[in-house]
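Here's the structure we're looking at; comments come further down.
The values are calculated or read from the model by the stated rules, or taken from the named source; none is laboratory data. All of these numbers come straight from a predicted model, not from anything done at the bench. Note: ideal-geometry Cβ built from the backbone for every residue, glycine included; neighbour counts use all protein chains shown. Quick note on the areas: whole protein, heavy atoms, side chains included, nothing else; ligands and nucleic acids left out. Shrake-Rupley method; radii C 1.70, N 1.55, O 1.52, S 1.80 Å.
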Amino acid sequence: MIDLRSDTVTKPSDGMREAMARAEVGDDVYGEDPTVNLLQERVADLLGKEAALFVPSGVMANQLALKCHTQPGDEVVVESSSHIFLYETGAPAWLSNVQLATVDGADGILSAPDVAKAIRSSAYYLPKTSLVCLENTHNKAGGTIYPLEVIRDIQGVTRPRGVQLHLDGARLWNASVAANVHVREYAQYVDSLSVCFSKGLGAPVGSALVSSRNIIEQARKYRKMLGGGMRQSGILAAGALYALDHNIERLATDHRNAFALAQTMTSIPDWHVKLETVQTNIVIADISATGTSASAIVKKAHEAGVLISDMSETAVRAVTHLDATASDVERAGKILQEIFSRRG
Ligand SMILES: Cc1ncc(COP(=O)(O)O)c(C=O)c1O
């Protein structure tokens with residue numbers, strides 16, 4: 001079975017497992033886990049921010065950011081197909097008592113004028129816009145990358161209005177490698193960002209929220225309230241440190257594999273892939289012209305030995321990652337081409 005449902009399906013390599021087994025640990029709720037502390041310092045430094053907090057998941061990192069940057073009743077501007085809006089179980093309403101204002105981006109990418117229009121004036125009867133969230137790369141748009149100058153221009157709109165800017169950087173590493181832009185360059189324009197170690201980087205668990213010392217101190221408290229205070233989590237942090245050392249540059253291979261797969265997928269009758277959006281490791285094919293549902297296509301691919309996922313009733317997604325070699329991905333493409341090119 002070739003599993004291309006997500007880059008979260010990877011299993012830790014032998015080298016990563018060894019690093020995890022050797023990790024020096026302590027009680028992180030006491031702030032005494034040296035490996036967690038090292039990871040947090042390293043990630044903060046890498047991103048040019050004051051502090052970082054190791055958390056169990058990307059959702060927790062994003063939601064802690066929303067909690068720290070807002071007050072109940074505020075409004076948060078997000079892109080209409082963002083992970084925070086679609087896939088975080090309504091947590092902004094439940095946890096932060098905020099409402100989301102959605103704005104359509106171009107392939108997931110918001111512009112500074114889009115954001116300026118969405119920020120409310122200060123009239124007393126309007127909600128207060130306290131936060132704008134961007135997603136880089138953008139998952140549902142097919143792994144698209146924010147041009148650096150667009151993030152800079154968005155900050156040029158948010159900062160003078162006193163609005164905070166958060167970046168969901170679950171796959172910021174992919175953006176950085178594909179665009180050849182250091183992660184710190186992206187980070188310089190935002191007030192906080194989340195990054196994940198458990199997606200393209202191949203660690204089994206973990207994300208980080210990265211921001212000012214003040215925000216991270218608040219986030220530590222909220223993490224504890226949510227039951228996310230972990231103890232000897234240095235074992236997990238060691239996997240993340242190993243991933244930072246070994247698995248960033250190789251993302252270029254996943255990107256090459258994804259583009260080759262996209263070219264194969266777009267040759268299947270009635271499958272449409274916007275090749276210009278295949279900028280990193282995600283391929284989304286619009287299969288509406290086939291007259292078959294995405295779930296039926298996913299099922300048939302599964303039966304033929306390829307796991308992909310349905311993004312909607314009319315779109316399927318394949319994601320490349322470090323546990324799928326170039327030849328695995330090529331084989332998956334050929335299988336899809338073979339089974340979906342047959343008529344009847
Ligand atoms: C863009 C984006 N943000 C956040 C997340 C959430 O990460 P997690 O599954 O670790 O909570 C994901 C998960 O795939 C994602 O794609």
Task: Residue check, ILE235 open to solvent by 10 Å² or more (accessible area, probe 1.4 Å), closer than 23 Å to ALA208 by Cα and in contact with a Phe, Trp or Tyr (Cβ under 7 Å, 6 or more places away or on another chain) - done: no
Open item on the list: Looking at ASN180 and the list (1) away from the ligand (no atom under 14 Å from the Cβ); (2) in contact (Cβ under 8 Å) with a residue 40 or more places away in the chain, which single condition is not satisfied?
Closed with: (2)
Open item on the list: So, in the stretch 314-325, how many residues would count as being open to solvent by 30 Å² or more (accessible area, probe 1.4 Å) and either over 18 Å from THR266 (Cα atoms) or touching a His at 6+ places or on another chain (Cβ under 6 Å) (or both)?
Closed with: 3
Open item on the list: Out of SER207, SER130, I need the residue that is over 20 Å from the mean Cα position of the chain (by Cα) and of a type in the set (S, T, N, Q). Which one?
Closed with: SER130
Open item on the list: Given the options ALA260, ALA294, ALA304, ALA252, name the one that is open to solvent by less than 30 Å² (accessible area, probe 1.4 Å) and either in contact with an Asp or Glu (Cβ under 9 Å, 6 or more places away or on another chain) or of a type outside the set (Phe, Trp, Tyr) (or both).
Closed with: ALA294
Task: Which numbered condition GLU185 misses (of (1) in contact with an Asp or Glu (Cβ under 9 Å, 6 or more places away or on another chain); (2) farther than 30 Å from ASP310 by Cβ; (3) not small (Gly, Ala, Ser)) - done: (1)
- [ ] Grab the helices (runs of 4 or more DSSP H) fully contained in the stretch 25-93, keeping just those with 3 or more residues being away from the ligand (no atom under 16 Å from the Cβ), on the phi < 0 side of the Ramachandran plot and modelled with pLDDT of 95 or more.
- [x] 34-47
Open item on the list: Considering only residues that are small (Gly, Ala, Ser) and exposed (fewer than 15 other Cβ atoms within 10 Å of the Cβ), which ones fall in the stretch 20-30?
Closed with: ALA21
Task: Positions within the stretch 110-135 being touching a strand residue (DSSP E or B) at 6+ places or on another chain (Cβ under 6 Å), in contact (Cβ under 8 Å) with a residue 40 or more places away in the chain and within 18 Å of SER82 (Cα to Cα), in sequence order - done: LEU110, VAL115, ALA118, ILE119, THR129, LEU131, VAL132, CYS133, LEU134, GLU135
Open item on the list: Among the residues in the stretch 86-97, are any assigned by TED's automatic domain parsing to the domain that holds SER198, within 20 Å of TYR186 (Cβ to Cβ) and hydrophobic (A, V, I, L, M, F, W, C)?
Closed with: no
Task: Members of the stretch 1-19 that are away from the ligand (no atom under 11 Å from the Cβ), of a type outside the set (A, V, I, L, M) and open to solvent by 20 Å² or more (accessible area, probe 1.4 Å) - done: ASP3, LYS11, PRO12, SER13, ASP14, GLY15, ARG17, GLU18
Open item on the list: Looking only at the stretch 123-181, filter to residues that are part of a strand (DSSP E or B) and small (Gly, Ala, Ser); which one of those is surrounded by the most Cβ atoms within 10 Å (Cβ to Cβ)?
Closed with: GLY169
